[in-house]
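Notes for the one structure printed next.
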Amino acid sequence: MFNKFLSRMVLVGLSGTVLLLAACADETEESKQEISPKEDAVETVSAEEKDPEVIGAHKNLNDAAVPLEMERKGSDVYIKMTSQITDIEIEKGYNYKAWTFNGEAPGPLVVVNEGDTIHFTLENLDPAIPHSMDFHAVHTAPDKGFADVMPNEEGTFTYQASKPGVFMYHCGTDPVLSHIANGMHGVIIVQPNDGYPTDDEVDREYAIIQNEWYRYNDLDDMTNGVPSQVVFSTKALDEGQPNTNGTVTAVKNEPLLAKVGDKVRLFVNNVGPNEVSSFHVVGTIFDDVYIDGNPANHMEGMQTVMLPASGGAVVEFTVKEEGVYPFVTHQFNHATKGAVGYIKVTADGKDDGSEVGGQ
Ligand SMILES: [Cu+2]
């Protein structure tokens, strides 16, 4: 249903197949910012796309990434994030004018401890559209705790991280599918107070996220189509680790590293928005898996872990020989669209400079 906000926006689509401009506001909300109609509301964002729907106020907007702000005072954690429009080069030569948290898609990795109180502020730098934050790691009344933050405004929300796990976060503003598929998703890890039973065995840890991309800002394609790209990203858990966006080459050009004999732990999450991930590492077996990252959900000896849209896991495996170990979603139509990454295993755990090959 087109609401007041949407009706004031101009659809200048050249194609009847691309209809979306974001319908983000509730009809009853008076404070939603309007977008001035513009004849030039469509621009070309890539050679491949003929008629993408860039919202007028987003045209020529490409905000630089803003670092995540996080400060801890005891068990109170003060987190500030932005919602902003930033170009993400999903594949070579194709810039997607993403709706993002902090200029990253997926957004920055957030790590807190079980029992922490999160004081979360969202600064909405988007001049046109309200955005919000839905942390799957908390209990709150969504209409209050995940409420929309208007353009050029800030909203602050407080909640407890009472359960450990590897949780998705995303913008929950209507239409949610547009906001997630345009890039507003990420992961919050809530570390268990008592750790995982296998903590002492683990040598290396990385965070991996799977997401899909669709035709630019095309709600019809997001709703009824198939992904154009299915991708992995890695987010730095520690300084010095790679921190990437979700692109078709993200964890290929800069593979993760491990040493022969290491037990590797991956914090994985599939932020979707629509597809399931069948997460698998080629050439090994998951010795230990904690579904959704909760230590109570301990499984052993798994070949593939199914991650529903928004689902997470901690997976642990041992790399016994030198070589390149791809990780994939074993739904190979998606792997073919980009969802492959590499772990390079060397004698000393350092990059030997060898090509990892593959796509
Ligand atoms: Cu949003």
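The values are calculated or read from the model by the stated rules, or taken from the named source; none is laboratory data. The model shown is predicted, which means the values in this text are computed figures rather than measured ones. Note that each Cβ is placed from the backbone with ideal geometry, even for glycine, and that neighbours are counted across all protein chains shown.
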Checklist entry - If you take the residues in region 222-253 that are charged (D, E, K, R) and in a loop (DSSP other than H, G, I, E, B), which one is surrounded by the fewest Cβ atoms within 10 Å (Cβ to Cβ)? => result GLU239
Checklist outcome for this item: Of the residues in region 137-171 that are assigned to a loop (DSSP other than H, G, I, E, B) and crowded, with 20+ Cβ neighbours inside 10 Å, the one that is farthest from the ligand (Cβ to nearest atom) is PRO164
Item to check | Whichever residue in region 115-131 is β-branched (Val, Ile, Thr), more than 11 Å from the ligand (Cβ to nearest atom) and over 19 Å from the mean Cα position of the chain (by Cα) and, among such residues, is nearest to ILE79 (Cα to Cα) | outcome: ILE118
Checklist outcome for this item: (1) without any contact (Cβ under 8 Å) to a residue 24 or more places away in the chain; (2) within 14 Å of the ligand (Cβ to nearest atom) all hold for ASP134 apart from (1)
Checklist entry - Can you find a residue in region 285-293 that is surrounded by fewer than 20 Cβ atoms within 10 Å (Cβ to Cβ), assigned to a loop (DSSP other than H, G, I, E, B) and modelled with pLDDT of 95 or more? => result yes
Checklist entry - Is it true that some residue in region 172-193 is away from the ligand (no atom under 16 Å from the Cβ), assigned to a loop (DSSP other than H, G, I, E, B) and hydrophobic (A, V, I, L, M, F, W, C)? => result no
Item to check | Among residues of region 204-221, those that are part of a loop (DSSP other than H, G, I, E, B) and either among the basic types (Lys, Arg) or free of Cβ contacts under 8 Å to residues at least 40 places away in the same chain (or both), counted | outcome: 2
Item to check | Output for region 87-100, where each listed residue is assigned to a strand (DSSP E or B) and either touching a residue at least 60 places away in the same chain (Cβ under 8 Å) or touching a helix residue (DSSP H, G or I) at 6+ places or on another chain (Cβ under 9 Å) (or both) | outcome: ILE88, GLU89, ILE90, GLU91, TYR96, LYS97, ALA98, TRP99, THR100
